[in-house]
Every structure is written in structure tokens, then in C-alpha cells.
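J.: What follows is a structure written as C-alpha cells; I'll ask about it next.
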Amino acid sequence: MLSVRNILAIGIFLFGTTYLWLTPAFVGKSATGTVWAAVQVLAYAAIIGFTLAAFGLFKGTDWWEAVTIGSAVVGMAAVIPYAIGLQNVSGGLNAAALENIAIHFLGGATAAALFLVHSAERWIVGRL
């Protein structure tokens, strides 16, 4: 059944899966080293966090909001070494890379802000 809760859970899950785009597998063979290892760890942590948050929301737990905020912060942190790593990869920061950075940084900031701003948080939780 489609409810606001289920739609929001699906949205959180799907947004979390887009952090896979930051991993070295999507950049190419030349994406190796410490910076890319950090990107991979942070991106997978964000994916797992958003997946847990979506599951927590779907099940109606109390902790899903905190996990969403934490995952958003981790995801935004993943963008920083990603941008640094792209400078060393052939092609550098092209338009597609800048779009990827913007989507993930602004999306993470929006996800965190929705639950840190009390009026927005009350509006969302009131609809669940």
C-alpha cells in the first residue's frame, strides 16, 4: 500500500543508493589510492545508513530520523575526497562530475535539514 511513510522510505532508500555513483567503480581503473579508499568507505557507509533509515521508517522505529541525519552527514563528507580524487583522475572535474557532487552534497544537506529544522521535522512526522 502506498502511504506517505512508504513513499518516504522508498525515497530515502533510493537516494542512499545513488552514493554508489561516488565509488571508484564508477570512475574507472585510475581511481586508486588512499583518497579513493576513503571515498569508498564513506559512500558505502552512507548507502548502508540510508538503507537502515528507510527500514527503520518502514517499521516505524524511533531511531530512523537520527540515522537519516547521520547518513546525510557521512554522505556529504564522502563528496569532499571524491572531488579531491577527481582532480587526479584523467578528465578531472567535468560537468558530469560537478553535477554528481552537487546532487550528493545538496541532497545530503536537504535530508539533514529536513530533520534538523523543527518545523519541517514536525510537518514530515505529522504526515506519517
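Here, each number is a calculation from the coordinates, and none is a lab measurement. None of these values were measured; they are calculated from a predicted model. Cβ: placed from backbone, ideal geometry, glycine included. Neighbour counts: every protein chain shown.
J.: Rounded to a whole number of µm²/s, how large is the Stokes-Einstein D of the chain at 10 °C and 1.306 mPa s, given Rh as the Kirkwood radius over C-alpha pairs?
T.: Details: Rh = 15.0 Å.
Value of D from the Cα-based Kirkwood radius: 106 µm²/s.
J.: Another question, if that's okay. Give me a comma-separated list of calculated 3J(HN,Hα) values for the stretch 117-127, in order, Karplus coefficients 6.51, -1.76, 1.60 applied at θ = phi - 60°, integers in Hz, x for any Gly or Pro.
T.: After applying 6.51 cos²θ - 1.76 cosθ + 1.60, I find 8, 4, 5, 5, 5, 5, 5, 5, 5, x, 8 Hz.
J.: Taking Cα pairs under 8 Å and at least six residues apart, what relative contact order does the chain come out at, in percent?
T.: Numbers: 152 pairs, mean separation 34.4, N = 128.
In percent, rounded to a whole number, it is 27.
J.: Based only on other Cβ atoms within 10 Å, what is the fewest-to-most ordering of M76, M1? Before the final figure, lay out the partial values.
T.: Values: M76 19, M1 4.
Sorted ascending by nearby Cβ count, the order is M1, M76.
J.: For T61 and V117 in the same chain, what is the full-extension length gain: residue separation times 0.36 nm, less their Cα-Cα distance, in nm? Write out the running numbers ahead of the final one.
T.: On the way: separation 56, 0.36 × 56 = 20.16 nm, distance 2.00 nm.
Roughly 18.2 nm would be gained on extension.
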